[in-house]
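Participant: Take this structure, written in structure tokens, and hold onto it; I'll ask about it next.
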Amino acid sequence: MGVLVAPSMLSADFGKLDEQVDLINKSDADLFHLDIMDGLFVPNISYGFPLVKAIAKNAKKPLDAHLMIVDPDRYLEEFAKTGVEYLSVHWEACNHLHRSLQKIRSLGMKAGVALNPHTPVHMLYEILSETDFVLIMSVNPGFGGQKFIENSLLKIKKLKEIIIKISPSCLIEVDGGVTLENAPQLVKAGADILVAGNSVFGASRPAEVIHSLKQL
């Protein structure tokens, strides 16, 4: 399997939402990445179910929702109902992570665990068997357009070594500061899914950037 590309809708122009969704539909992208922020777990508020449903209405590719919120268990069923196929919750936000991941899977979605930059990958040893993908935050969560944290490359490599030993089918997703320049290093380190926001929607030819990422 080649690298999967998931443009982050956080960087899209919401005033032209239908056009932006259509752009992704027609591109080589694999997923729509949805950043859900509550202003509590992270210092920002993004968007909620009305916008997710608006995207889902016209999206022809799977929805990948990243919940940067406290007590995400309250909303798992609602995200499943909106058609989300990939759902990640934060290790730092879940008191009973094993239960949360089992619930996500029981709802028919792929279960992901997101890690903040300060959280070491060895914290996942006991939970990888219940995890379909791990989302490595390569910036501090909460805002788009941040600079990539270089230590994330080493973190991805360490996680890949653990995955090979414990759960080889588990994928690694990387979110934050992904560009055409650092993407080859990320894939080499072990990344399977690249989330790209500003580098896609801020480009003059977004579809070409997506195509270039897919060639890695």
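Where a number appears in this text, it was derived from the coordinates with a stated rule and is not lab data. Only a predicted model underlies this, so the values are computations on that prediction, with no experimental measurement involved. Every residue, glycine among them, receives a Cβ derived from its backbone with ideal geometry; neighbour counts consider all protein chains shown.
Participant: Counting only C-alpha contacts under 8 Å and six or more residues apart, can you give the relative contact order of the stretch 91-190 as a whole percent?
Facilitator: This gives 27 percent for the stretch 91-190.
Participant: Let me ask something additional. Eight or more residues apart or on different chains, and alpha-carbon atoms under 20 Å: count the Lys pairs in the stretch 98-216 matching that.
Facilitator: Qualifying lysine pairs in the stretch 98-216: 12.
Participant: Run down the lysines and flag those whose C-alpha is under 19 Å from the C-alpha of Lys16, throwing out any fewer than 8 positions away in its chain.
Facilitator: Candidates past the 8-residue exclusion: Lys26, Lys53, Lys57, Lys60, Lys61.
Participant: Continuing with this model, one more query. Counting only C-alpha contacts under 8 Å and six or more residues apart, can you give the relative contact order of the stretch 4-214 as a whole percent?
Facilitator: Taking the mean separation of contacting Cα pairs over the length of the stretch 4-214, I get 21 percent.
Participant: Now a separate question. Taking the Cα centre of the stretch 36-90 as the origin, how large is its charge dipole in debye, to the nearest 20, when only Lys and Arg (+1) and Asp and Glu (-1) carry charge on their Cβ atoms?
Facilitator: Here the size comes out at about 360 debye.
Participant: Select from Pro50, Pro117, Pro168 the residue whose mean-square fluctuation is largest in a Gaussian network model of the chain (Cα-Cα springs shorter than 10 Å).
Facilitator: Comparing Pro50, Pro117, Pro168 in a Gaussian network model of the chain, the most mobile one is Pro50.
Participant: What number in nm² do you get for the chain if you take the convex hull of its Cα atoms and divide its surface by four?
Facilitator: Projected area, direction-averaged: 10.5 nm².
Participant: Using only Cα atoms, locate the centre of the stretch 142-212 and the centre of the stretch 58-99, then give the distance between them in Å, rounded to an integer.
Facilitator: Taking the Cα centre of each part, the stretch 142-212 and the stretch 58-99 sit 20 Å apart.
Participant: Across 5 Å bins from 0, what is the distribution of all Cα-Cα pair distances for the stretch 88-216, in whole percents?
Facilitator: Percent of Cα pairs in each bin: 2, 11, 22, 21, 19, 14, 8, 3, 0.
Participant: Per-residue HN-Hα couplings for the stretch 148-153, Karplus 6.51 cos²θ - 1.76 cosθ + 1.60 at θ = phi - 60°, whole Hz, x for Gly and Pro?
Facilitator: For the stretch 148-153, the Karplus curve yields 4, 8, 4, 5, 4, 4 Hz.
Participant: Could you derive backbone 3J(HN,Hα) for the stretch 161-173 from the dihedral phi with the Karplus parameters 6.51, -1.76 and 1.60 (θ = phi - 60°), listing whole Hz in sequence and x where the residue is Gly or Pro?
Facilitator: Each residue of the stretch 161-173 in turn: 4, 5, 4, 4, 7, 9, 8, x, 7, 5, 9, 10, 10 Hz.
Participant: I would also like to ask the following. When the Karplus curve 6.51 cos²θ - 1.76 cosθ + 1.60 is applied with θ = phi - 60°, which whole-Hz ³J(HN,Hα) does each residue of the stretch 201-214 get, with x for Gly and Pro?
Facilitator: For the stretch 201-214, the Karplus-derived couplings read 6, x, 8, 5, 10, x, 4, 6, 5, 4, 4, 5, 5, 5 Hz, x marking Gly and Pro.
Participant: Also, I was wondering about something else. In terms of modelled amide H atoms, which long-range or inter-chain residues lie less than 5 Å from the amide H of Leu171?
Facilitator: The answer is Phe133, Val134.
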